[in-house]
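Visitor: Here's a structure for you.
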Amino acid sequence: MKKLLFIICLIPFLIINGFAQQQSSIDTILSELKKYESAKVASGNTQLSAIDTAKVNLLLVVSEKYRMEGDYKKADVYGKEALTISKAINYKKGTGNAYVNLANIYNEQAKYPLAISNFNDAINAYQEVGNKKEMANLYSKIGVINFNQSNFDEALKNFKTSLKYAEEIHDYYLISGCYGNLGRINKLKGNYAEALSDFQNALKSAEEIGAKGGISSIYKNIGQISSEQETMQEGLKSQITNLKREMEFQKQLTGEQLIQQKQKLEINQKELALINKEKDLEKVNHLKTQAELNEEKLVNEKQVALNEKNAFQLKLAEADALSNQHQRNYFIAGTILFILLSFFIYLNYINQRKSNKLITKEKERSDELLLNILPYDVAEELKTTGTAKAKNFESATVMFTDFKDFTRIGESLTPDKLVAEIDYCFSSFDEIIQKYGIEKIKTIGDAYMCVGGLPTINDTHAEDIIHAGLEIRDFIENYKKEKVLKGEIPFEIRIGINTGPVVAGIVGLKKFAYDIWGDTVNLAARMESGGEAGKVNISGTTYNLVKDKFNCTYRGKIQAKNRGEVDMYFVEAKG
């Protein structure tokens, strides 16, 4: 009793100094808990108590720590002990958690049959308590293992079961993932119609939750299926042609040759039947031997169980001699231990939660910073592969803006005021182009550059850019009126737009930036410098794409480097 109280007093010290590092103290606490269990059994008390669940959770925490450190042997020992106790006290949730813990340990060691077996046992435990979310996740994990081992039929079965539970609880992330995995398997098996249906369902769920990265991957798979179907159709045409030729050849055989072929076929069929019969006999003998071994194993297991039962009954008879006073002492000690253990588990949970929140917050901040520099698809490629390749875009629309007499106006403002004015204008420009799905490229001094039609290709980039340009012009005109009323010098803006092919990619190794190049960019800059304040000046190339949707005024030609004379138009929205 004194030793148990000493151990209870030791727990706060372990909490302060790091529970996972005090291995000898862990073993001492668990040893005392086993004595508590023996006393509990001796008293005939089989009711599930809080201290029982606390011990299971403590063992799982220790096992998980060892698994994360790569010490799978110790993780396995503590995980199995947690499982044994959970079963003994009929703690269903703890049983499921223990099976999952063991499955993760085996999965990381590539012991896939053991991992699958424990995942299935966990599913059975969760099914008894109606935890469909965990069941859906575990069926999906088993499907992934099947898929990685090229066991596609089993993978299909498990992903479909996971999908069933995910749909019942409306878990769209998991629904999209299951349909995506089903699509990949059917694509590999050549079931293109089913694969296409799966990917369309995955797309629907991904759009439901706004998973942009998933949507992009699904579109890619759908495109690959279309390409492979065309190739398969060509192969079928070739097979049909060969079959027709074979039929023509068969028609040319004489009656005697046909009889010989028929005899050869009958002989081959008899030989095949004989081989199959021998294989079946061998299989029966193997099964018979296996059944005998299983029967012998069952007898041994029954004997072991009987011995354990006798030993348990003997210990139970000895424990009956304990007094009621001892029972009360153990109950008080157990209550105190439970409070301390619960306090430790709660502290560990709070610290882990804070750590997870901090990690998640830092990741979100880094992702947000990356997306402020790069487009979403480029950022994802960079995070996944470490690089982002430059790409050619056959058609994109580039817009430049520039403030007239910026240097002169800037001289009349303090540096802080000048920066604040530019920031206000450019921030408003950012909001405007975001509405039209336009990608901001960069700002240089008072110049602002953006592009439509990349990195996500679309057919409306010319219209989108012009709408944004007109809105930017109107914003500056309204801001100009406010400045004039205040007696301040207003900004006036020139806007130039051109459409054509560009190259886009990341430049540099440090402080890298997403940029675009080509004559299209240079001509857009020429449209801006050759324009007028308060006007949107577009090239003839852009005009030919939008002339039916905007009011355009021809204003002559302008000389452009490497292009000669180029037509220019002022553009206005239709009334």
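Visitor: Every residue in region 391-412 that is surrounded by 11 or more Cβ atoms within 10 Å (Cβ to Cβ) and in a loop (DSSP other than H, G, I, E, B), please.
Guide: Within region 391-412, Lys404, Asp405 qualify.
Visitor: Test Tyr106 against the criterion of being surrounded by 16 or more Cβ atoms within 10 Å (Cβ to Cβ) and modelled with pLDDT under 90, and give yes or no. Give the steps one after another, and end with the answer.
Guide: Numbers: surrounded by 16 or more Cβ atoms within 10 Å (Cβ to Cβ): yes; modelled with pLDDT under 90: no.
Judged against the criteria, Tyr106 is not a match.
Visitor: Right, next: Failed condition for Arg184, given (1) within 27 Å of Ala75 (Cα to Cα); (2) under 17 Å from the mean Cα position of the chain (by Cα), with all others met?
Guide: (1)
Visitor: For region 447-500, enumerate the residues that are without any contact (Cβ under 8 Å) to a residue 40 or more places away in the chain and small (Gly, Ala, Ser). Reasoning before the result, please.
Guide: Taking region 447-500 as the starting set, the residues that turn out to be without any contact (Cβ under 8 Å) to a residue 40 or more places away in the chain are 458-460, 471, 474, 478, 480-488, 490.
Result: Gly487, single match.
Visitor: Take the residues of region 414-466 that are under 30 Å from the mean Cα position of the chain (by Cα) and basic (Lys, Arg): which is surrounded by the fewest Cβ atoms within 10 Å (Cβ to Cβ)?
Guide: Lys435
Visitor: Could you please find all residues in region 135-158 being more than 19 Å from the chain's Cα centre (by Cα), assigned to a helix (DSSP H, G or I) and surrounded by fewer than 20 Cβ atoms within 10 Å (Cβ to Cβ)?
Guide: Taking region 135-158 first, the residues more than 19 Å from the chain's Cα centre (by Cα) are 149-154, 156-157.
Those left that are additionally assigned to a helix (DSSP H, G or I): 152-154, 156-157.
Matches in region 135-158: Phe152, Asp153, Glu154, Lys157.
Visitor: Please pick out the residue among Tyr448, Tyr479 that is among the aromatic types (Phe, Trp, Tyr) and either in a strand (DSSP E or B) or closer than 22 Å to Ile558 by Cβ (or both).
Guide: Tyr448
Visitor: Now a separate question. Within region 529-550, count every residue that is touching a residue at least 60 places away in the same chain (Cβ under 8 Å) and surrounded by fewer than 23 Cβ atoms within 10 Å (Cβ to Cβ). Please lay out each step first, then the result.
Guide: First, the residues of region 529-550 that are touching a residue at least 60 places away in the same chain (Cβ under 8 Å): 529, 533-536, 538, 542, 545-546, 549-550.
Then keep just the ones that are surrounded by fewer than 23 Cβ atoms within 10 Å (Cβ to Cβ); that gives 529, 533-535, 545-546, 549-550.
Of the residues in region 529-550, 8 are touching a residue at least 60 places away in the same chain (Cβ under 8 Å) and surrounded by fewer than 23 Cβ atoms within 10 Å (Cβ to Cβ).
Visitor: Sort out for me the strands (runs of 3 or more DSSP E) sitting completely within region 490-575 that have 1 or more residues that are among the small types (Gly, Ala, Ser) and within 26 Å of Ile422 (Cα to Cα). If you could, list the steps in order and put the result at the bottom.
Guide: Values: elements: 493-507, 513-517, 535-539, 550-560, 564-573.
Filter on region 490-575 gives 493-507, 513-517.
The values are calculated or read from the model by the stated rules, or taken from the named source; none is laboratory data. Bear in mind that the values here come from a model prediction, so they are computed numbers and not experimental data. All Cβ positions, even for glycine, are placed from backbone atoms using ideal geometry, and neighbour counts span all protein chains on display.
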